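**Q** I have a structure I would like to understand better, so I am pasting it below and will then ask my questions one at a time.
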Amino acid sequence: MKKDASGNTQFAHRHLLGIEGLSPDEITLLLDRSEQYVGQNRRADKKKTLLRGRTIINLFFEASTRTLTSFELAGKRLGGDVINMSVASSSIKKGETLIDTAMTLNAMHPDVLVVRHSESGAVQLLSEKVNCAVINGGDGSHAHPTQALLDALTIRRRKGRLCGLLVAICGDIAHSRVARSNIHLLNIMGARVRLIAPKTLIPPSIRMLGVEVFHDMNEGLKDCDIVMMLRLQTERMHANYFPSIREYFHFFGLDYEKLSNAKPDALVMHPGPMNRGVEIDSLVADDIGRSAIREQVEMGVAVRMACLELLTDNLPGTGTEGGA
Amino acid sequence: MAIRQAMPLGRTAYVNARLLDPASGLDAPGGLLADGEAIADFGPGLFDNGAPKDAAVVDCRGHVLCPGLVDIRVQLREPGEEHKGTLACAGKAAAAGGVTTMVCLPNTDPVIDDMSVVEFIARRARLLGLAKVYAYGAVTKGLNGVELAEMGMLAEAGAVAFTDGVKAVGDALVMRRALSYAGTFGLLIVQHAEEPSLAAGGAMNQGETAMRLGLSGIPSEAEVIMVERDIRLAAMSGERLHFAHLSTADAIEAVRRAKAEGLRITCDTAPPYFALNDASIGDYRTFMKLSPPLRSEDDRRAVIKGLKDGVIDAIASDHAPHDEDAKRLPFAQAAFGGVGLETLLAVTLELYHNGHMPLPDAMRKITNGAADVLGLKAGRLEKGAPADLVLFDVERGWVVDADALLSKSKNSPFDGRPVQGRVLRTVIDGRAVFELND
């Protein structure tokens, strides 16, 4: 990890593809920067000029509402030029390969590419072919680093720390990039992670990541500080990961009864979009005393601003007006 | 329908018994005192100073008094096919056979893939007050082999384990998910081990007899292929798995190896597979048409060996009632299955009478050995436990007469067979539900 002349941590990465490989200090730096933007985003004048002249392309091969909007707002509030490209209007539909799309966009000299793709590893492949910085906006079941960072920021603001907290992640772990990135981040920051799901939705080898695995919500939630629910894709039912929605909710849906096993001040989180009555009961989701779900969305914009700032800091030409 | 009498129960002293409890190894002259519905005390020398004055006395005359039999594979046909069998007639047949606990397959109509059916069967059985009836839940909805049934909620309703009954879970991915999902709740999957594509269209074991009779065969490989596949699937995530009614040497050998490796695999067999072979089919005797089919003599001997050395944990009757319409047909068109509740004890005792196994070892397979497969609290003598007992004469000979069976359907593969070992009295919750009239 690099430090500048005055001993401060620097974020010495060209891309943000995942949480793995980040140090505790780097994560803390990202969260500290994000914290500043939380305040800025609550003011009437949200605009800064930090990214003036920079081009940011949000390249989304998979449908998204909140992540795409969040990145768009983040880029615009920092004064960058933001273009959204979604799969419906892209040349991918016309048969272009991922790498050709990357090369085409690269020729237009963007400064940052934010990429979401349904295939694990697609964002990294693309990052190897371009000259700009790449932020992973979620790839397959692999990684979603900005989600993990915004979750961490939400937790840190509510609990004052990450280290030593007991965090339960519940639901479709097997297919979740959110779960993987959160596990890495929480491990790096010294939190304890528990995973709770039916056996069909937890890969047995996930214990290698240093987590505890439970198949019973009441046991797994015991004494937890944080309860993170994951979205259950209901189409998984037809692939026999679980037999029915009512059975899933009965055993693994978060309601007040199951939540009562966690600490009295345990925080409920969800990366959205929620399936009410599938993985979470509406009463719990809407309980402003317990649920941080809307706050997570707010933190998302701040975290993405911090990511854009720190990555563009490392781009050639930064600090010398007019380019190198 | 025999409705349980509300008569208050006093104490009953079973005196001059040969007490046999395979679970504890007890095999000694002694007595047993039942108080109300439970076993109050038992042991050698219990009534040395005479039976309690207030107790009714049953003189066992030196015959074997042991835990009531536990039959973990019975088809009830109710609800849905009451013309073939009902809970009431199965209950009476069970009582005559010394069976006090039975577990029914989910292939009823409607299928036991919904909590309400589990509750229906439990309520009907409770009203009858005959053998205790537990239900298997379906692994897949409608036994279709495609979509998982609600195993968690079925278990909460009382289903003791999960199986698709007489059908195998054929798709490897469905089986993998079923094992894994059941493992979430610590539930057991019971597989009918037969690769469906190899068994399709077959009427009997593939071999010389099938060739001579001109019947299409089910190869014994159909069983071992499924057993080996499923052992590997269960090993992937370390889940428990039980194979029902194994019939072939190769499949038993596969289970033997799996057990030696420490995998959590169990299996059972049924009396036809150690008492009969495919030559018994003779001139197209459809009562001998079973699933899995009767196998070769080598396979039959391997089943006995598996029972002796403990690879096979239990014996279940595989009771499968069929009316005459389903059996009086050309062999290939006849239904698979035979009734077995009333012959389970006597045919199992052949293992003892033929010198293959000591009596307690043979009895273990139909008492605590069977109960342990499913984790049932049954099949052992324990103070405070329900007084579910069978008193039988281990030596007495009789000839199985299908027409004389209490079962509504008479399709016994053992019709006409001379056997040894007769139930004298069957007791459930302290009440005699069967007494042999000489």
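The values are calculated or read from the model by the stated rules, or taken from the named source; none is laboratory data. Because the structure is predicted, anything quoted here is derived from the model rather than measured. No Cβ is skipped: glycine too gets one built from the backbone with ideal geometry, and neighbour counts run over all protein chains shown. Remember, those area values only see protein heavy atoms, side chains included, never the ligands or the DNA or RNA. Shrake-Rupley method; radii C 1.70, N 1.55, O 1.52, S 1.80 Å.
**Q** Determine the distance separating the Cα centre of segment B:365-434 from the Cα centre of segment A:179-253; give it in Å without decimals.
**A** Distance between centres, Cα-based: 47 Å.
**Q** Also, quick follow-up: What does a probe at B:Lys308 reach in segment B:238-265, counting residues whose amide N is under 13 Å from the point 7 Å along Cα→Cβ?
**A** Those under the cut-off are none; the list is empty.
**Q** Using a 1.4 angstrom probe and counting only protein chains, how large is the accessible area of A:Ser120 in Å², to 10?
**A** The accessible area of A:Ser120 comes to roughly 70 Å².
**Q** Still on this structure, please answer the following. Distance in nm between label sites at B:Glu435 and A:Ile245, each 7 Å beyond Cα in the beta-carbon direction?
**A** 5.9
**Q** Among B:Arg123, B:Arg11, B:Arg212, which one shows the highest mean-square fluctuation when chain B is modelled as a Gaussian network with alpha-carbon springs under 10 Å?
**A** Among B:Arg123, B:Arg11, B:Arg212, the largest GNM mean-square fluctuation belongs to B:Arg212.
**Q** Related question: Charges at C-beta only: +1 for Lys and Arg, -1 for Asp and Glu. How large is the resulting dipole of segment B:216-371 about its Cα centre, in Debye rounded to 20?
**A** In debye, rounded to 20, segment B:216-371 gives about 320.
**Q** Now for a different question. Rounded to the nearest 0.05, what FRET efficiency is calculated for B:Glu221 and A:Arg161 with R0 set to 60 Å and r the Cβ-Cβ distance?
**A** E between B:Glu221 and A:Arg161, to the nearest 0.05, is 0.45.
**Q** Next question. Rounded to the nearest 20 Debye, what is the dipole magnitude of segment A:173-320 about its Cα centre when Lys and Arg each give +1 and Asp and Glu each give -1 at the C-beta?
**A** Dipole magnitude for segment A:173-320 comes out near 440 debye.
**Q** Further, regarding this structure: Would you jot down the residues in segment B:177-205 that end up with at least 20 Å² less accessible area in the complete protein assembly than in the chain alone, with a 1.4 Å probe?
**A** Buried by the other chains: B:Arg177, B:Ser180, B:Tyr181, B:Thr184, B:Phe185.
**Q** Rounded to the nearest 100 Å², what's the accessible area chains B and A bury against each other, both chains counted, probe 1.4 Å?
**A** Interface between B and A: roughly 1600 Å².
**Q** Turning to a different aspect of this structure: Specify which residue in the list A:Gly18, B:Ala94, A:Asn275 is farthest towards the positive end of the charge dipole of the protein assembly as shown, using unit charges on the beta carbon of Lys, Arg (+1) and Asp, Glu (-1), about the Cα centre.
**A** Farthest along the dipole direction, towards plus: A:Gly18.
**Q** Percent antiparallel among DSSP beta bridges with both residues in chain A, to the nearest 5?
**A** 5
**Q** Of B:Lys167/B:Lys259; B:Lys377/B:Lys408; B:Lys259/B:Lys308; B:Lys132/B:Lys377; B:Lys141/B:Lys377, which pairs sit farther than 22 Å apart, going by alpha carbon to alpha carbon?
**A** Going by Cα-Cα distance, B:Lys167/B:Lys259; B:Lys377/B:Lys408; B:Lys141/B:Lys377 fall outside the 22 Å limit.
**Q** Are there residues in segment B:116-152 whose accessible area shrinks by at least 20 Å² when all protein chains are included rather than the chain by itself, and which are they (probe 1.4 Å, ligands and nucleic acids not counted)?
**A** Residues meeting the cut-off: B:Lys141, B:Glu147, B:Leu148, B:Glu150.
**Q** How far apart, in nanometres, would the label points at B:Asp54 and B:Asp250 be if each is projected 7 angstrom from Cα along the Cα-to-Cβ direction?
**A** Computed distance between label sites B:Asp54 and B:Asp250 equals 6.4 nm.
**Q** Another question, if that's okay. Could you give the length gained on full extension between B:Asp325 and B:Glu37, defined as 0.36 nm per residue of separation minus the Cα-Cα distance, in nm?
**A** Using 0.36 nm per residue and subtracting the Cα-Cα distance, I get 99.6 nm.
**Q** Please give the net charge around B:Pro22, taking every other residue with its beta carbon less than 11 angstrom from that of B:Pro22, where Lys and Arg add +1 and Asp and Glu add -1.
**A** -1
**Q** Another question, if that's okay. Quote the accessible area belonging to A:Asp25 in square angstrom, nearest 10, computed with a 1.4 Å probe and with ligands, DNA and RNA left uncounted.
**A** 70
**Q** Let me ask something else. Take the alpha carbon gyration tensor of segment A:136-239, find the square roots of its eigenvalues, order them as a ≥ b ≥ c, and report rounded if a/c is under 1.5; if not, report prolate when a/b exceeds b/c, else oblate.
**A** oblate
**Q** From the square roots a ≥ b ≥ c of the eigenvalues of the alpha-carbon gyration tensor of segment A:17-84, which class results: rounded (a/c under 1.5), prolate (a/b over b/c), or oblate? Provide the component values of the computation, followed by the final result.
**A** Details: a/c = 1.70, a/b = 1.09, b/c = 1.56.
Note, shape of segment A:17-84 comes out oblate.
**Q** When the accessible area of the protein assembly as shown is computed with all protein chains present and a 1.4 Å probe, what percentage of it is carbon and sulfur?
**A** Result for the protein assembly as shown: 50 percent of the exposed heavy-atom area is carbon or sulfur.
**Q** Further, regarding this structure: Which one, A:His142, B:Gly186, B:Ala314, projects farthest toward the positive side of the charge dipole computed for the protein assembly as shown from Cβ point charges (K/R +1, D/E -1)?
**A** Checking the options against the dipole of the protein assembly as shown, the answer is A:His142.
**Q** In addition: Under the 0.36 nm per residue contour assumption, what length would be gained going from the current alpha-carbon distance of A:Arg207 and A:Asp255 to full extension?
**A** Separation in residues times 0.36 nm, less the Cα-Cα distance, equals 14.6 nm.
**Q** Nearest 20 debye, what's the magnitude of the dipole of segment A:44-134 about its Cα centre given +1 on Lys and Arg Cβ and -1 on Asp and Glu Cβ?
**A** Roughly 440 debye, rounded to the nearest 20.
**Q** Sort A:Glu119, B:Glu350, A:Glu26 from largest to smallest accessible area, using a 1.4 Å probe on the heavy atoms of the protein chains.
**A** From most exposed to least exposed: A:Glu119, B:Glu350, A:Glu26.
**Q** Right, another one. Obtain the nm distance between the two label points defined at A:Leu283 and B:Ala279 by a simple spin-label model: each point lies 7 Å from its Cα along the Cα-to-C-beta direction.
**A** A separation of 7.1 nm, rounded to one decimal place.
**Q** Oh, and also: Under 17 Å between alpha carbons, and skipping anything fewer than 8 positions from B:Lys410 in its own chain: which aspartates and glutamates qualify?
**A** B:Glu78, B:Glu81, B:Glu82, B:Asp318, B:Asp323, B:Glu324, B:Asp325, B:Glu342, B:Asp401
**Q** Using a probe radius of 1.4 Å on heavy atoms only, what accessible surface per residue do you get for segment A:12-96? Whole Å² is fine.
**A** 51
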